[in-house]
1. Using θ = phi - 60° and the Karplus form 6.51 cos²θ - 1.76 cosθ + 1.60, what ³J(HN,Hα) does each residue of the range B:53-59 get, whole Hz, x for Gly and Pro?
2. Hey, can you grab everything whose amide H is under 5 Å from the amide H of B:ASP126? Only 5+ residues off in sequence or another chain; H modelled, so Pro and N-termini drop out.
3. Is there a quick way to get the dipole size of the protein assembly as shown? I mean about its Cα centre, with the Cβ of Lys and Arg at +1 and of Asp and Glu at -1; what is the value in debye to the nearest 20?
4. Specify the inter-centroid distance of the range A:215-274 and the range A:38-101, based on alpha-carbon positions, in whole Å.
5. Take B:GLU221, project a point 7 Å from its Cα along the Cβ direction, then tell me which residues of the range B:118-136 have their backbone nitrogen under 19 Å from it.
6. Spelling out what I want: for every residue of the range A:225-237, take phi, set θ = phi - 60°, compute 6.51 cos²θ - 1.76 cosθ + 1.60 (Karplus), and round to whole Hz; glycine and proline get x.
7. Given a 10 angstrom Cα cut-off, can you work out which residue in B:ALA69, B:ALA294, B:ALA210 is the most mobile in a GNM of chain B?
8. Just from the alpha-carbon atoms, what are the Rg and Dmax of the range A:1-136 in angstroms?
Amino acid sequence: MLGFLNQPAGFDIGETGLLVFDAAQPLWRALLVGLGNTLRVSLPALLMACLIGLLVALGRTSGSRTWRALGGVYVDTVRNTPLLLQLLMWYFLLIEWLPDSTQAISLLPGVWLSKGGLAFPWYGPVEAGAGWAWSWPQQDTFNVVGGAAVSPEYLSLALALSIYTGAFLAEVIRGGIESVPSSLMEAAETLGATRLQQISRVLLPQALRTIVPAATNQFLNLIKNSSLAVAVGYPDLVSVGNTALNQTGRVVECVLVMMSVYLALSLSTAALMNWFNARHALKGPA
Amino acid sequence: MQVRSLPGLALALACAALAPHAWAGKTLDAVKQRGQLQCGVSTGVAGFSAPDAKGRWAGFDVDFCRAVAAAVLGDPQKVAFTPLNAQQRFTALQSGQVDMLSRNTSWTLTRDASLGLSFTAITYLDGQGFLVPKKLKVDSAKKLKNAQVCVQAGTTTEKNLADFSRANKLAIKPVVFDTYEAGFKALFAGRCQAYTADASALASIRNKEAPNPDDYLVLPELISKEPLGPAVRRGDDEWFAIVKWTVFGLQEAEELGLTRANVDQLLKTSSDPAIQRLIGSGEDTGKLLGLDKAWLYRAIKAVGNYGEIFDRNVGAQSPLKLPRGANKLWNKGGLIYPPPIR
């Protein structure tokens, strides 16, 4: 039933990350590139979302009224507008603001930013079977070529996913922080712990037990939400899978493959988080 | 119901899988019973299928839907149009959401043999081209080395682009969008250095969508042949024949000089047996198709002959001013060669 995945893909993929791909390679490899792109955008976005969530939650639980207000506005705005619209907003802003790819701006030596994307030096595979080498981007007729690059589609998707999920994580983390009795922090303060030590040694380890199960949901959502990539033309798993199903007519098979891959991704994320949670759970009688 | 999303697609598929033979031979009956033809068109290619100022669907592809409705139902207005993007079109036809697909869809072996559909006839002989901003000073598609090219997902265009890039070692990077509009908007925003699609669609985009048409240029090369025409579900030979012969009939009408304007008069006065067969004043060709005698008369009366449809929508009398080129009749130096209506 899945034998058609060995057919040559016949289409190119604009962004392939660490994998090398051309149209003559089989369909399953195209889907693998799609999966790679899904992970390539999801994982950094996940880290960013955690960071944003943590900072905003600390802000919302801090003594400063300004920080509390700013955090509140952020959470309420971002959490209550559709992710798709946020994604399109970031995409159009980037496309509108960035300079044409014929006139990229150089941020640092070898780092270029334009409508063609963000290009940077990279050590990696050059061509299929040609080994690894350093590659340095430079301005060409139409584009910056060489090095590695992430497209505006990637940047807008990563940005939208981090900011959106960050708002939900902020609330999750805030709930966790508020579940820790303030007396524990006061005790730490009496022992001479600095504010940073109080947060990292007392507050967060306690809060994590409440945070992790709820955060798992957000992580799963983020990975699945990355499939909105289709809206801006980022070649993630769904985008490549859609193209594959369209080019081959194997609709049911392609949808099943995509669903199985997301299922596997989500189940392994959940398993990882459960393991982490079990490790941090209270041992023995409380 | 429009299939707009994967869940919708899955649902449509489930329905299609449960009733694989329900439509065999039944499309004509279903259309008559419904009193309306369901026609799948593109989401808006000016000149081919787009809503006009009054919100009515109009264009080259649309006129073939109207011709079939006139032939089958006696009224060119009895058509419901479903705008479909490249990814939705085949599923919509397979699942029975539309009775025919009349949108810029290329006839290829893979599609013909594996998608559960049949291409009826060629209405437009097209080829794939490139639209580029003039300021890039590119005069040939072969100079697009390392360029980023916007393209619509799931099209033959996308595959031809990969072939073209590989054959000419151009390392073109495709930027793929799932809708036609998103692709050319990205070109106009400067995200890509070129947009590739069928040359007819590029002319339409340049003319109707570009902020300033003079800033853009369609490159001279055509990198593929794209025969476009209506498709129907596989397995309903009667319906297949009706759509196919409506197209051929309109083409033959041009050959015989029948027009929207003179068809009424020729119905009464013509003694040419070929004309009489075509418009039903002689032999009854409609009966063989399960229709009545005047099927083609009504189609011609509704939309005019093939040449009139071409000129009005995309040719000399339209804003697009596309040359007839290969789409001239065979006896005028073109490739349009309808089998005889007899």
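Values in this text are rule-based calculations from the coordinates and carry no lab data. Computed from a predicted model, the values in this text were never measured in an experiment. Ideal geometry is used to build each Cβ from the backbone, glycine not excepted, and the neighbour counts take in all protein chains shown.
1. Computed from phi, the couplings for the range B:53-59 are 4, 8, x, 8, 5, 8, x Hz.
2. Excluding prolines and chain starts, which carry no amide H, the hits are B:GLU226, B:LEU228.
3. 620
4. 22
5. Within reach of a label on B:GLU221: B:126-136.
6. 3J(HN,Hα) across the range A:225-237, in whole Hz: 5, 4, 6, 5, 2, 3, 5, 10, x, 8, x, 7, 4.
7. Of B:ALA69, B:ALA294, B:ALA210, the most mobile in the Gaussian network model is B:ALA210.
8. That works out to 20.4, 61 Å for Rg and Dmax.
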